[in-house]
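Report on the following structure.
The values are calculated or read from the model by the stated rules, or taken from the named source; none is laboratory data. Just so you know, these numbers come straight off a predicted model, no measurement behind them. FYI the Cβ positions are ideal-geometry reconstructions off the backbone, even for glycines, and counts take in every protein chain you see. Ligands, DNA and RNA are excluded from the accessible area calculation, which covers all protein heavy atoms including side chains. Shrake-Rupley method; radii C 1.70, N 1.55, O 1.52, S 1.80 Å.
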Amino acid sequence: MKAELPAVTLPGGRQVPALGLGTWHMGEGEASMAEEAASLRAGLDLGMTVIDTAEMYADGGAEEVVGEAIKGRRDEVFLVSKVLPYNASRAGTIAACEASLKRLGTDHIELYLLHWRGRHPFSETVEAFETLKAEGKIGAWGVSNFDISDMRELLEDAEPHRPAANQVLYNLARRGIEFDLLRWSQVQGIPIMAYSPLDEGRLLGHPVLEEIGRIHNVGSAQVALAFLLTKAGVIAIPKSGSPERVRDNFRASEIRLTSEDLRLLDEAFPPPTRKRPLEMI
Ligand code: NAP
């Protein structure tokens, strides 16, 4: 990992960089697979070694792009994939994981997440996760799109096992988790993976982000990501299919937002003052 990237400690003690790489919409054929894989490799070159994917993305196509990108450098990568809730029965989770491993061209996934809450009881999914862990097919398991009440229920049902992460929508325009889930997760030692950290691109070009960016000689994307890097226990996973934009995003780790910058951001994107249900994309 490059020294500049802040790290987040996972339960169990492993450290991962707080800036990773998303893959949603990769493998859909809009852009060339080679360019998408090159973008992920550009991130790896800079130490952005957390790659987030899912069986859902492009029906497995994104996992194939990841498989291509990590060929020959598997050991550098902290791989995250997800099982769809419809597949998250005891047997279904195991079959889904095995299919993901095949597409990824590897024999293990570092972190395997339940994509969102579905109809299968947590106990069944957790049992499957623990089986996969015992077989060495996954290193740890976690969840995604879980609000604080879901997390509390999960902790109770999964006991004595615990999730290693919760991946949720979190960016300047969607600060709802700052009301309760973020602090709760920090206290529990469960990292938050912030998905859509650029709000799927909607934050790009925002005048306040541009203004702060000018002071630091970066663009709006880097300011949006730098904001997330100020939060303890948060891993941001921006997606870009362009090596150049991945390198741009890395620059978020090179700036330090001042208290005045943070005040301006709070003014433009007020933090929550009451509980709001967790938003999802
Ligand atoms: P995002 O990372 O907030 O934004 C991605 C968009 O921003 C893309 O259109 C990308 O275009 C553009 N972009 C990225 N860097 C840029 C830059 N420096 N300058 C200009 N444009 C830039 O949105 P996201 O893909 O929804 O979220 C990130 C990742 O989180 C996903 O890829 C996925 O892995 C994960 N995710 C998880 C869930 C879940 O339910 N668990 C839901 C959504 C997302 P280009 O590719 O053309 O650069």
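Inspect all residues belonging to the stretch 70-84 and state whether any of them is in contact with a Cys (Cβ under 9 Å, 6 or more places away or on another chain) and not charged (D, E, K, R).
Step one: of the stretch 70-84, the residues in contact with a Cys (Cβ under 9 Å, 6 or more places away or on another chain) are 81, 83.
With the extra rule that they be not charged (D, E, K, R), the set shrinks to 81, 83.
Taking every residue of the stretch 70-84 in turn, at least one turns out to be in contact with a Cys (Cβ under 9 Å, 6 or more places away or on another chain) and not charged (D, E, K, R).
Within the stretch 262-271, being farther than 18 Å from residue 232 by Cβ and either over 22 Å from the mean Cα position of the chain (by Cα) or of a type outside the set (Phe, Trp, Tyr) (or both) holds for 263, 264, 267, 268, 270. Residue by residue through the stretch 86-105, note down the ones that are crowded, with 18+ Cβ neighbours inside 10 Å and either at pLDDT below 95 or over 16 Å from residue 131 (Cβ atoms) (or both). If the condition is that a residue be crowded, with 18+ Cβ neighbours inside 10 Å and either at pLDDT below 95 or over 16 Å from residue 131 (Cβ atoms) (or both), then 103, 104 are the ones that fit. On the given criteria, is residue 131 surrounded by 24 or more Cβ atoms within 10 Å (Cβ to Cβ) and of a type in the set (Val, Ile, Thr)? It is false that residue 131 is surrounded by 24 or more Cβ atoms within 10 Å (Cβ to Cβ) and of a type in the set (Val, Ile, Thr). Selection of the stretch 106-128 for residues being buried (at least 23 other Cβ atoms within 10 Å of the Cβ) and within 15 Å of the ligand (Cβ to nearest atom) yields 109, 111, 112, 113, 114.
Can you say whether residue 241 is within 25 Å of residue 30 (Cα to Cα), open to solvent by less than 40 Å² (accessible area, probe 1.4 Å) and either over 18 Å from the mean Cα position of the chain (by Cα) or near the ligand (Cβ under 9 Å from one of its atoms) (or both), as far as the supplied structure shows?
Values: within 25 Å of residue 30 (Cα to Cα): yes; open to solvent by less than 40 Å² (accessible area, probe 1.4 Å): yes; either over 18 Å from the mean Cα position of the chain (by Cα) or near the ligand (Cβ under 9 Å from one of its atoms) (or both): yes.
Answer is yes for this residue.
Candidates 251, 256, 276: the one that is out of contact with any strand residue (DSSP E or B) (no Cβ under 9 Å at 6 or more places or on another chain), open to solvent by 60 Å² or more (accessible area, probe 1.4 Å) and within 13 Å of the ligand (Cβ to nearest atom) is 251.
Hey, any hits in the stretch 32-44 for a residue that's at positive phi, modelled with pLDDT of 95 or more and either buried (at least 23 other Cβ atoms within 10 Å of the Cβ) or part of a strand (DSSP E or B) (or both)? Taking every residue of the stretch 32-44 in turn, none turns out to be at positive phi, modelled with pLDDT of 95 or more and either buried (at least 23 other Cβ atoms within 10 Å of the Cβ) or part of a strand (DSSP E or B) (or both).
Do any helices (runs of 4 or more DSSP H) lying entirely in the stretch 148-230 carry at least 3 residues that are within 10 Å of the ligand (Cβ to nearest atom) and buried (at least 23 other Cβ atoms within 10 Å of the Cβ), and which ones are they? Lay out the reasoning, then the answer.
On the way: elements: 148-158, 181-188, 207-216, 220-229.
By residue number, 220-229.
Just one of the numbered conditions (1) modelled with pLDDT under 95; (2) within 11 Å of the ligand (Cβ to nearest atom); (3) buried (at least 20 other Cβ atoms within 10 Å of the Cβ) is not true of residue 5: (2).
Here residue 236 meets each of (1) surrounded by fewer than 22 Cβ atoms within 10 Å (Cβ to Cβ); (2) in contact with a Pro (Cβ under 7 Å, 6 or more places away or on another chain) with one exception, condition (1).
All of 63, 76 fail the test of being at pLDDT 95 or above and surrounded by fewer than 22 Cβ atoms within 10 Å (Cβ to Cβ), apart from 76. Residue 39 fulfils the conditions (1) away from the ligand (no atom under 11 Å from the Cβ); (2) within 19 Å of the chain's Cα centre (by Cα) except for a single criterion, (1). Whenever a residue of the stretch 200-229 is closer than 10 Å to residue 255 by Cβ, its partners that are hydroxyl-bearing (Ser, Thr, Tyr) and within 11 Å of the ligand (Cβ to nearest atom), lying with C-beta atoms within less than 9 angstrom and at least six residues away or across chains, give the pairs 212/220; 213/220.
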